[in-house]
Amino acid sequence: MNGVTVVSHPLVQHKLTQMRKVETSTAGFRRLLREISLLLCYEVTRELPMTSETIQTPIVEMESPVLDGKKLVFASVLRAGNGLLDGMLDLVPSARVAHVGLYRDHETLEAVEYYFKAPESLDERLTIVVDPMLATANSAIMAIDKLKERGANNLRFVCLLAAPEGIENFTKAHPDVPIITASIDERLNESGYIVPGLGDAGDRMYGTK
Ligand code: PRP
Ligand code: URA
């Protein structure tokens, strides 16, 4: 898996349209994000390594496929990353979870770190970083910097919307990390928001301003 993958599945695109609408409620936004996260999780885990085990069905013994290797890690970029995390944990309940607390300074658009907690042995695990928005990419780049400092060396980044400017910055900083997104939007506006976008993902998820 390399570069940028746009998940064009009709269900993803339909739900994303509902999320973009300004009239969608907080509850509706959260529900849709959780639903889309299941479909994005399906896509990002497509190439997980497999092995097999011998099992007994009610009829015969067989060799049957199971996931191989250490438990994977979902790294949620707070706050909005948690909206993708919940659905992903429904599909991969045994995954480990890292939390990277960052907010964007509204003046400088630089990411400011306020929390970091990650599981052990990141160097032996696939780490899937989740955040709905890739705007300037300052947040995603810093989150991945921190995870790499802790040993992560096999990463994917999953978002809902990516701006072309963010993709360019991200790819320069972390060319080894594939991006999986539901949409590449047009551009950033003068305040660093994605256009057409969906607004501030964290605020829409939690009903804040
Ligand atoms: C949003 C979003 C990303 C970041 C993207 O978070 O969830 O983390 O902005 O912007 P960037 O690519 O320009 O860094 P925000 O800082 O609003 O924090 P929140 O999730 O707590 O609302
Ligand atoms: N963060 C958001 O939540 N929305 C944007 O459009 C840009 C950054």
Study note, to complete from the structure: The residue that is surrounded by the most Cβ atoms within 10 Å (Cβ to Cβ), considering only those in segment 153-209 that are of a type in the set (Asp, Glu) and farther than 13 Å from Ile141 by Cβ, is Asp185
Review point. Just for segment 101-117: of the residues that are part of a loop (DSSP other than H, G, I, E, B) and in contact with a Gly (Cβ under 9 Å, 6 or more places away or on another chain), which one is surrounded by the fewest Cβ atoms within 10 Å (Cβ to Cβ)?
Key: His106
Check your understanding: So, of the residues in segment 186-209 that are outside any loop (DSSP other than H, G, I, E, B) and touching a strand residue (DSSP E or B) at 6+ places or on another chain (Cβ under 7 Å), which turns out to be farthest from ligand 2 (Cβ to nearest atom)?
Key -> Arg187
Study note, to complete from the structure: Scanning segment 129-170 residue by residue, those among the polar types (S, T, N, Q) and either touching a residue at least 60 places away in the same chain (Cβ under 8 Å) or near ligand 1 (Cβ under 10 Å from one of its atoms) (or both) turn out to be Thr136, Asn138, Ser139, Asn169
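Residues are listed down the side, and each one gets a yes or a no for (1) more than 16 Å from ligand 2 (Cβ to nearest atom); (2) modelled with pLDDT under 95; (3) not β-branched (Val, Ile, Thr):
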position	(1), (2), (3)
Thr57	yes, no, no
Val60	yes, no, no
Glu63	yes, no, yes
Lys70	yes, yes, yes
Asp123	yes, no, yes
Ser139	no, no, yes
Point to revise | Output for segment 158-185, where each listed residue is within 13 Å of ligand 2 (Cβ to nearest atom) and in a loop (DSSP other than H, G, I, E, B) | key: Ala163, Asp185
Practice item. List every residue pair whose Cβ atoms lie under 7 Å apart, where the two residues are 6 or more positions apart in sequence or sit on different chains, the first residue falls within segment 194-209 and is closer than 11 Å to Arg30 by Cβ, and the second residue, located anywhere, is near ligand 2 (Cβ under 10 Å from one of its atoms) and in a strand (DSSP E or B). Key: Ala201/Met133
Practice item. For Gly151, state whether it is within 13 Å of ligand 2 (Cβ to nearest atom) and modelled with pLDDT of 95 or more. Key: no
**Study point:** Positions within segment 68-91 being within 14 Å of ligand 1 (Cβ to nearest atom) and in contact with a Phe, Trp or Tyr (Cβ under 6 Å, 6 or more places away or on another chain), in sequence order
**Key:** Leu85
Practice item. Specify which of the listed residues (Ala27, Ala95, Ala75) is closer than 30 Å to Ser191 by Cβ and surrounded by 11 or more Cβ atoms within 10 Å (Cβ to Cβ). Key: Ala75
Exercise for review: Kindly indicate whether any position in segment 130-138 is over 24 Å from Asp200 (Cβ atoms) and not aromatic (Phe, Trp, Tyr).
Suggested key: no
Point to revise | Residue list for segment 1-24, filter: aliphatic (A, V, I, L, M), surrounded by 13 or more Cβ atoms within 10 Å (Cβ to Cβ) and touching a helix residue (DSSP H, G or I) at 6+ places or on another chain (Cβ under 7 Å) | key: Val4, Val7, Val12, Leu16, Met19
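The values are calculated or read from the model by the stated rules, or taken from the named source; none is laboratory data. Keep in mind that this is a model prediction, so the values were computed, not measured. Counting neighbours? That spans all protein chains shown, and the Cβs are built from the backbone with ideal geometry, glycine included.
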